[in-house]
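Taking it in order: structure first as structure tokens, then the write-up.
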Amino acid sequence: YQGKRGAEDIVVFAGGTVGHPHQWLKVQAELRHALERDELVLWYQPKVGLPGAEINGVEALVRWQHPERGLLPPGEFLPAAEHSGLIAPLTEWVLRRALDDQAGWIATGQDWTLSVNISARNLESTGFVGFVGALLAATGARPDRLILEVTETALAGDVETAMRAIKELGTLGVGISVDDFGTGYTSLSHLRGLPITEIKIDRAFVADVDRDPQSQAIVRSVIDLAHGLGSRVTAEGVETLEIHRWLVEAGCDEGQGWLYGRPVPWPQVAAKVIVEPSSAPLTERAAR
Ligand code: C2E
Ligand code: MG
Ligand code: MG
Ligand code: MG
């Protein structure tokens, strides 16, 4: 399947994001090779339950092991992929690899969920939902252990198509998470009728939530909104114990952030996290 966007978008996008259009096109050509040469890697960040900070799952975060430029964060190449046909094969690669890694921890008896970020462009592609369904069937992965994260801005483009795709993904039995909530321009009415299982509060509101009354008001109302819609709510970017305590007090379900664990390559998650009793209290784990 192909993304809907064409060459016009490439030009519009090039100026703002990566700088010079020629450089941007270079990234695109190199990324095509990267996919062929298997230069992408997945890192994983834990997602913990509150208040105990036990690990409930991990989120896959893509990186590019560039032959000359070193390890590149997704912000360096995702925009180029999204505005070309490359986001389809990239997402397919991420989903395949992540489900493969997940099969590894399922085999050790771990019940963690796997969260995978998908792009708004994926939702606009015919065939994407079919791909996910076929992949689940082929790998035997449990749909209820897979969470697809869609940023709020996915609902700002071709809303009708995106909403239809999200509903279809929901019927496959996978979780649907609204990522970076609060930073986009989604009309709340778009949330209605969607099979949303999780809302992730953007780091921007979490960073000072232990000190700033306005952030506190926003975070409290997103927690209320999520619970009212019957979804779980996760705070992103939890960096301090003070923020952790505030979130527990406010009734937030889950947290993610450097306090609990930074993204690391899969072998490190396997070595460190599986061995560590995930039910140990946060303070005890932090002290080790
Ligand atoms: P996201 O999904 O909101 O992921 C959270 C980002 O915040 C990650 O950055 C993570 O490393 C970072 N982070 C986590 N905890 C903390 C913290 O406590 N403090 C701070 N300062 N940062 C924290 P990363 O890995 O650079 O990813 C950036 C974005 O790229 C992601 O944001 C997601 O939207 C996108 N992305 C990553 N992997 C994929 C992928 O495989 N496919 C797609 N379509 N998008 C991806
Ligand atoms: Mg995410
Ligand atoms: Mg996020
Ligand atoms: Mg974010």
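Amide H neighbours of S115 under 5 Å, at least 5 residues apart or on other chains, H built in the peptide plane: list them.
V58, E59, A60, I147
Over the heavy atoms of Y44, what accessible area does a 1.4 Å probe trace out, to the nearest 10 Å²?
Only protein atoms counted, so the area is about 0 Å².
For the chain, modelled as a GNM with alpha-carbon contacts under 10 angstrom, which of A29, A107, A137 fluctuates the most?
So, out of A29, A107, A137, the one fluctuating most is A107.
What's the tally of Lys pairs in the chain whose alpha-carbon atoms lie under 30 angstrom apart, where the two lysines are 8 or more places apart or on different chains?
The number of close lysine pairs in the chain is 8.
To the nearest Å, what is the center-to-center distance of the range 33-108 and the range 183-242, using C-alpha atoms only?
If you average the Cα positions of each part, the centres end up 24 Å apart.
In Å², what does the accessible area per residue of the chain work out to with a 1.4 Å probe?
About 46 Å² of surface per residue is accessible.
Sort D202, D158 from largest to smallest accessible area, using a 1.4 Å probe on the heavy atoms of the protein chains.
D158, D202
Express in Å², to the nearest 10, the accessible area of E54 obtained by rolling a 1.4 Å probe over the protein heavy atoms while all chains stay in place.
60 Å²
Let me check I've understood the local charge: for W246, count other residues with C-beta under 11 angstrom from its C-beta, Lys and Arg +1, Asp and Glu -1. What total comes out?
My count for the surroundings of W246 gives -2.
Farthest toward the dipole's positive end in the chain, which of L61, S215, S231, given Cβ charges of +1 (Lys, Arg) and -1 (Asp, Glu) about the Cα centre?
Projecting each Cα onto the dipole axis, the largest value belongs to L61.
Give the carbon-plus-sulfur fraction of the accessible surface of the chain in %, rounded to a whole number; probe 1.4 Å, heavy atoms of protein chains only.
Working: 7120 of 13270 Å².
After summing per-atom areas, the C and S share lands at 54 percent.
Which value in deg cm²/dmol, rounded to the nearest 500, describes the helix-derived mean residue ellipticity at 222 nm for the chain, given -39,500 (n - 2.57) per DSSP H run of n ≥ 4 and division by the residue count?
Value at 222 nm, helices only, nearest 500: -12500 deg cm²/dmol.
If you count only protein heavy atoms and use a 1.4 Å probe, how large is the accessible surface of L25, to the nearest 10 Å²?
80 Å²
Give a residue-ordered list of calculated ³J(HN,Hα) values for the range 112-120 (Karplus: 6.51 cos²θ - 1.76 cosθ + 1.60, θ = phi - 60°; whole Hz; x for Gly, Pro).
3, 7, 10, 9, 10, 7, 10, 8, 4
Top mean-square fluctuation among E168, E39, E59, Gaussian network model of the chain, C-alpha springs under 10 Å?
Result: E39 has the largest fluctuation of those listed.
The values are calculated or read from the model by the stated rules, or taken from the named source; none is laboratory data. Since this is a predicted model, take the numbers as computed values, not measurements. Positions of Cβ are backbone-derived with ideal geometry, glycine not excepted, and every protein chain shown enters the neighbour counts. Ligands, DNA and RNA are stripped out before the accessible areas are found, and what is left, the full protein with its side chains, is counted by its heavy atoms. Shrake-Rupley method; radii C 1.70, N 1.55, O 1.52, S 1.80 Å.
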